[in-house]
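Coordinate-derived values only; no laboratory data. These numbers come from a predicted model, not from an experiment. For neighbour counting, all protein chains shown are included, and Cβ atoms are generated from backbone atoms with ideal geometry for every residue, glycine included.
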Amino acid sequence: MYPVHALVDPELTVTLPEKETLYTGLDAISHALESLWNKNRTVISEALSVKALSLANQALPALMRHPEDLDMRAMMQQASLLAGLAISRTKTAIAHAISYPVTIRYGVPHGLACSFTLPGLIRRYMAYGTGQDPGLLEKTLETLECFDLKAEMAGYTKGADLSAYAGEMFHPERAGNYDGDLSTRDVERLLMGSEPA
């Protein structure tokens, strides 16, 4: 279902708690990245994703420092909207596929569950030799690393062996959309905190 109109008002987000602000922002970044490294990407979805990441890289860190900043909230809303338009064309990919068992089994909020593997996935994707702008990917990596996602995850999964669920994370409907080279063993290493080989 596609809306005829979308009313995007940053003032309606000012009372959103800190964690929800962060996690929904991370979900938007995940949508943009997954659309970018997607087998179904198009020129249009790629342009939407690139713009969404550029906006989110500027807005989300600033917004977490100054949650009352309406300009940054408006910018983050625009990033989220554009990333949503992109992902509606391509569907989600590997980060969302990884997220579902983590959320179901440990109650990890969706945006965090989708994003905690993104730094490792970005490094892997860049090493894979893509045609994507390395500067944009490096900036997105820098953005993600400023939020200490491992510590965020530890609040939900301390002591858990997430790698035990790697097999469940390769559902072809989502993982099959990923345009990089990644195996179940690579995902296991990612979940254990190592970079995929």
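Miscellaneous remarks
- Across segment 1-70, the mean sequence separation of Cα contacts (distance under 8 Å, 6 or more residues apart), normalised by length, yields a relative contact order of 39 percent.
- Residue-wise HN-Hα couplings along segment 60-65, as the Karplus relation 6.51 cos²θ - 1.76 cosθ + 1.60 with θ = phi - 60° gives them from phi, are 5, x, 5, 5, 6, 7 Hz; Gly and Pro carry x.
- Calculated FRET value between Lys158 and Asp133, using beta carbons and R₀ = 25 Å, to 0.05: 0.10
- Taking a straight Cα-Cα cut-off under 17 Å and skipping sequence neighbours fewer than 8 places away in the same chain, the aspartates and glutamates within cross-link reach of Lys158 are Asp148, Glu188.
- Prolate/oblate/rounded call for segment 16-191, Cα gyration tensor, a/c under 1.5 rounded: oblate
- Under the criterion of Cα pairs below 8 Å and six or more residues apart, the relative contact order for the chain equals 25 percent.
- For q = 0.18, 0.26, 0.27 Å⁻¹, Debye-computed log10 I/I(0) when each Cα of segment 116-197 counts as one equal scatterer: -0.84, -1.36, -1.38
- The 3J(HN,Hα) values that the Karplus relation (6.51, -1.76, 1.60; θ = phi - 60°) gives for segment 87-95 are, in residue order, 5, 5, 8, 9, 6, 6, 9, 5, 5 Hz. Gly and Pro appear as x.
- Cβ-based charge dipole, segment 1-63, positive-most Cα from Asn40, His5, Ala28: Asn40
- Note on segment 128-197 and segment 19-52: Cα centroid distance 15 Å, given to the nearest whole angstrom.
- Loop sites in segment 1-41: trypsin sites (Lys or Arg not before Pro), DSSP, at most 16 other Cβ within 10 Å: Lys39
- Comparing Pro172, Pro61, Pro101 in a Gaussian network model of the chain where C-alpha atoms under 10 Å apart are linked, the largest mean-square fluctuation is found at Pro172.
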